[in-house]
Amino acid sequence: MKDVIRRGSKNRSHDESPMVQSLVPYHFTPFISDEFDDLTHEYLRSYWQAIRRNIWLIAGITLFATLAVAVYEIRLPDQYEAQARVEIGRESPAPGLKDAASNGAGSTEDSVYFNTQLQILTSSALLRRVVKTLDLEHEETFLHPSQAVQHSPWQRLVHGGAIVGPGGDKDDVLLTKPGPTASIRDDLNDAKKLEPYVNALSNGLKAEPIKETRTEIKETRLIDISFSHSVPQIAAKVVNAVADSAATMNIERKSETSAIASEFLQKRIAELQSLVRREEEELLAYAAQNQIVSLDASKNTVVERLAGLNRELLDAENERRKAEAAYQAAVAPNGAETMALENTIQNTPEQSKLAELRQRRVQLLVENTEEWPEVKEIDKQIVEVERQIKDGRATAAANIRKSLEARYRQALAREQSLRDAFNEQQGATIAQNQAGINYNIKQQEIETNKGILQSLLQHSKENDIAHAGLSNSVHVIDYATVPAQPVGPKRLRNVGLAFIMSLGLAMGWVLVRESFDDTIRSINDVEKKLHVPALSVVPPARAALNSIFSTVRPLPLAGDALENHPELLLGDADPVLAEVYRQLRASLLLSRDGFDLKSMLVTSSLPSEGKTTTAINTAISFAESGANVLLIDGDLRRPSLHRILDVTNDHGLSSALRNGLEGSELLALVKNTEVRGLSLLPSGPQMNDSAILLDHEKLRPIIATLESNFTHIVIDSPPIVPFADSVILGAEVDGVLMVVQGGKSPQEIVLRSMKLLDDVDAVILGVVLNNTKLQPIDTYYQSYCRQYYHGSDAKAAALPRESSQSSNSDS
């Protein structure tokens, strides 16, 4: 029955999934209804808790950013803004031009011209002209306003930027002479040298069209030019110089365009007049040189002769093709012999004689054989006649070839002769036609140049009229005066915006960091992510020792154990820490539903999470209740309890496991400590094969023996993830206490550790959040607890004094 209770299988539902069984202990039933509360309020609550946990970090970031912006704003000089107003009129040509009506009536062209002038007001060319006009290269206060008269940062801070600007001659802000006129090439040569001044003007200069708000038509032809600078006189001078330079450049551009056009037209007219005279002379000389009398095609004998030669050439080509075909047929193999055979008369003497001889031979063969002398004689005669006939045919074929070749040569020669005559006549015809074409081209060029000359003469007259009627379309309506009040910087507004933005960014950064943080940090994280109870929350030990509310007194241990081992914080060291572990003891003893908690394993997922500290303090808290407690160092690889409690480690748990000790031999290995009611079974000699040595058959009798002699057994073990020792030990004890360091242990690692324990039917009692920053409510209870203890100590100290005083009065 004890084994069943230890593993907790009796108290688990068979309907639960393995994952739920691995996470929910037998004595803990989660409240399902709590998980389905209003998610919006839950998220807001979690965000608020995250912000409260990091309130000092948020406050530090916000304060630092706000102070940095405030210092920056205080160091900035005051900015003064001057403003002038110009009017952009219609761009209409001078009276008398033919396209004056069309240009003046086009709304699209007018808008384009207005936008163009708006861009010119802030162009680099105009700004370079302003720099030269005001001689800003030698104005030291333009690029370095700090050399001018400035107020102290404290004055700017007190007045919030509303300080009257420095004094000066406010009338000396208008141009006394027009700015220098420079060509584009000269202007580009100075561009690199004037670039810093142009950039400074461009950064502070604004040109904004004015909108009318009192009528339905919002568009106007007015533009406000403004410029900001730390010196008010410079701001006014720059604005007025920009306005005057824009007007001057506009009229100069129009005059320059008209002058350039007039110069070009006069030069081009003179060139065309000279060219027309020279081309007419060249045309007459060309006609005389090429003997061009008439270009009429009906009177041209050269063309008629060329047509006759063309007809004769076609006939000669046909005759040559026929002769060539006959000659090629004769030259072919057996071609001439065939022609000769066709032309030969069949009844020639040789043919008749051959027929007679063949007939006689037939008659002789009737009565005689082929060996008959007379038959042989006739055969010789037949062969001779056939040879004569063959020689005659060969002679005839040769004569036919020669005849056809001669005919072909004659036809080819006639064709070549006609072709040479045709080519000669064709060249003459082409030359005459080319001369006529060139004559026409030259004549057309002369006519074209005469037309261009007439057009240029007309444009020259129109340009003279337009130049006489030029008018400026850019007018200065209002000049700028020296501003008296600064317009910036808006220090209070900027500092306020910096505060709001830095606060929002700090809060956002904290929330993002919290959302990506998967570690266990609070009781809510334990119950929601691990689904096990959080039995205790242990605040940081160093903070508890250094607290101004705690009175540190060492434990009654040998030597300076408290100084060398800060994990020993119970006893009289700090009442709050003592109550934390006493509350843990009460939770452990009262959470078993009537079953005794005899043996308990204290472990963690990763090293350095505080399991040894928890094991020691839990054992001491059990001992304070008058129980006989045994603390076992189950970390056979890296033991430490013997050093903390100042006992020897010659023999211990490893010795009992290796030698199979039981009964009195096992109890002889237990060491007494300086803490009343607390004993220690050290680990024994250090070993690396503890997983092999830790066996269920060996552990079960050892734990049974110790449980019969001690009220409670607390086992300190190595971490679960790197080693299997804790899993083996967890299967043999009544319960396992998981230690999780707040903000260090990832959720996946802790869940994996709990799953390993559940695989061996170990009962997880709960989680101790160690070294965890307390929540605001916990901090309140901690402070209240300290006040309570200090108040109790003060009353206890006052009672003896009152009793002594009363005894003295009685005496």
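What follows draws every value from the coordinates through simple rules; no lab data is involved. All of these numbers come straight from a predicted model, not from anything done at the bench. Don't worry about glycine lacking a Cβ; one is built from the backbone with ideal geometry, like all the others, and counts go over all protein chains shown.
Sort 511-517, 457-463 for me by packing, meaning the mean count of neighbouring Cβ atoms within 10 Å per residue, highest on top.
On the way: 511-517: 12.1, 457-463: 15.3.
Per-residue mean Cβ counts within 10 Å order the peptides as 457-463, 511-517.
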**Study point:** Cross-link pairs 206/254; 132/193; 211/490; 353/390 - those with Cα-Cα distance over 19 Å
**Key:** 206/254; 211/490
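How would you order 276-288, 191-203, 602-614 from highest to lowest mean count of nearby Cβ atoms within 10 Å? Walk me through the numbers before you get to the answer.
Details: 276-288: 13.1, 191-203: 14.8, 602-614: 23.4.
By packing density, highest mean first, the sequence is 602-614, 191-203, 276-288.
For a protection proxy built on the mean count of beta-carbon atoms within 10 angstrom, sort 422-428, 527-533, 49-55 highest first, please.
Working: 422-428: 14.3, 527-533: 18.3, 49-55: 15.9.
Per-residue mean Cβ counts within 10 Å order the peptides as 527-533, 49-55, 422-428.
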Point to revise | Over 32 Å (Cα to Cα) - which of 529/598; 237/267; 528/671; 698/744; 529/671; 671/744 fall in this group | key: 237/267; 528/671; 698/744; 529/671; 671/744
